[in-house]
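Remarks on the structure that follows.
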Amino acid sequence: MPHLTTYLGLADHSEKTLAESLRAVADGHARVADVFHTCRMLADWSQANREALAPVVERYGEADVEEPERLHAAGLAGAREGEVGLLRDLQDLHVLATLVQTTWTVIAQGAQGLRDPELLEISQHAGAQTSRQLTWLTTRIKVAAPQALIVAP
């Protein structure tokens, strides 16, 4: 199952990258209370998803995958300043969370094929959590966009 290990590695690394990126945005935009607290909470969800995945990684192994780090290095090593910066940071988080979401979808399909109920449960739960993260990010982007695009700094 060499390809399963690729996706387990991708899930583990991308959840880690998403958690780190959410914390970076939280800290960089700490003056925006809802962003600070919600990003911290969403980072904890990603960390919990990684912890839930750990026993499965022990069983199947995981391949070292670089895609999430490339995304992190390219856009979320630190937060940008101002309203437009917040908007762009939220968009970057959305892109990364979308990678996480599709990865969990692929793993869930693999778990069904393997008839692995533990992996299926983990992937479905993590996918649902990621869907909630994406919903918040989309909503927060909609809130931030008018302020960032129309109001003069």
Would you mind stating whether T105 is part of a helix (DSSP H, G or I), under 20 Å from H37 (Cβ atoms), over 11 Å from the mean Cα position of the chain (by Cα) and without any contact (Cβ under 8 Å) to a residue 60 or more places away in the chain?
no
Among the listed residues V65, V84, which satisfies the condition of being in a helix (DSSP H, G or I), at pLDDT below 95 and surrounded by fewer than 20 Cβ atoms within 10 Å (Cβ to Cβ)?
V84
Number of the exception - R59 against (1) closer than 21 Å to A111 by Cα; (2) out of contact with any helix residue (DSSP H, G or I) (no Cβ under 9 Å at 6 or more places or on another chain):
(2)
Selected residue (criterion: nearest to V56 (Cα to Cα)) from residues of segment 113-125 that are free of Cβ contacts under 8 Å to residues at least 40 places away in the same chain, over 23 Å from the mean Cα position of the chain (by Cα) and part of a helix (DSSP H, G or I):
P117
Within segment 80-89, does at least one residue satisfy the condition of being closer than 18 Å to A43 by Cα, among the small types (G, A, S) and in contact (Cβ under 8 Å) with a residue 40 or more places away in the chain?
no
For segment 4-35 the number of residues that are surrounded by fewer than 16 Cβ atoms within 10 Å (Cβ to Cβ) and free of Cβ contacts under 8 Å to residues at least 40 places away in the same chain is 3
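The values are calculated or read from the model by the stated rules, or taken from the named source; none is laboratory data. What you see is a predicted model; the values in this text were computed from it and never measured. Cβ sites come from the backbone with ideal geometry, for glycine too, and all protein chains shown count toward neighbours.
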